[in-house]
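Working notes, structure below.
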Ligand code: CA
């Protein structure tokens with residue numbers, strides 16, 4: 001049996017953190033709980049968790065600062081647990097490198113599902129850039145040949161659409177904000193051209209999605225950005 005997955009909860013609401021901790025322990029996760037940013041960072045360095053559940057409003061520091069600090073040296077999956085009305089903070093958290101978010105109040109089943117997605121990100125191990133091919137349902141991408149196939153038929157993508165597809169695949173399961181996509185595709189110079197993201201995304205979808213009413217690959221996170229299906 002593999003080592004149990006270690007989850008660090010950084011949340012100052014004791015009721016919520018207890019509730020999450022108990023449920024996670026029942027599901028056989030090893031859990032560490034902290035109620036402040038300082039303690040959370042301490043537990044991070046002393047216990048090397050595999051995943052962090054992070055509340056944004058903490059008594060001693062903004063959760064965003066934790067994300068920025070951790071992203072200087074760690075790629076640990078960070079799942080933000082945000083309160084209602086924290087839309088901007090939530091987007092900023094994702095921009096800063098959080099993997100995903102869940103809004104309070106949430107069902108434990110929903111949180112568990114998000115954690116399982118993050119776990120797959122852990123077990124994927126090798127960096128997506130080292131993959132030479134990607135297969136999912138009727139979509140096949142050959143990175144070396146720069147070839148995209150739908151049901152075995154090659155389709156043509158523009159260079160930007162192809163870059164967008166690679167970015168989505170490399171981050172599958174993770175929510176990518178509009179700003180993040182702009183930065184990755186056009187570089188830091190091009191500031192807030194999120195409108196073109198929508199246009200390119202629509203074109204890409206038209207080419208790779210069979211059902212425009214029910215997307216198989218590129219999911220919209222309303223008001224936030226996009227997420228590529230991880231299954
Ligand atoms: Ca809080």
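Computed quantities for the displayed model
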quantity	calculated
The stretch 28-50 - residue that is assigned to a strand (DSSP E or B) and within 21 Å of residue 105 (Cβ to Cβ) and, of those, nearest to the ligand (Cβ to nearest atom)	33
Evaluation of residue 19 against (1) touching a residue at least 40 places away in the same chain (Cβ under 8 Å); (2) within 15 Å of the ligand (Cβ to nearest atom); (3) within 30 Å of residue 182 (Cα to Cα) (one fails), failing number	(3)
Extreme residue, farthest from the ligand (Cβ to nearest atom), among residues of the stretch 1-15 that are modelled with pLDDT under 95 and under 22 Å from the mean Cα position of the chain (by Cα)	4
Matching residues in the stretch 58-100 - criterion: being part of a strand (DSSP E or B), within 12 Å of the ligand (Cβ to nearest atom) and under 16 Å from the mean Cα position of the chain (by Cα)	80, 81, 82
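The values are calculated or read from the model by the stated rules, or taken from the named source; none is laboratory data. Since this is a predicted model, take the numbers as computed values, not measurements. A quick note on method: Cβ atoms are made from the backbone with ideal geometry, for glycine too, and the neighbour counts reach across all protein chains shown.
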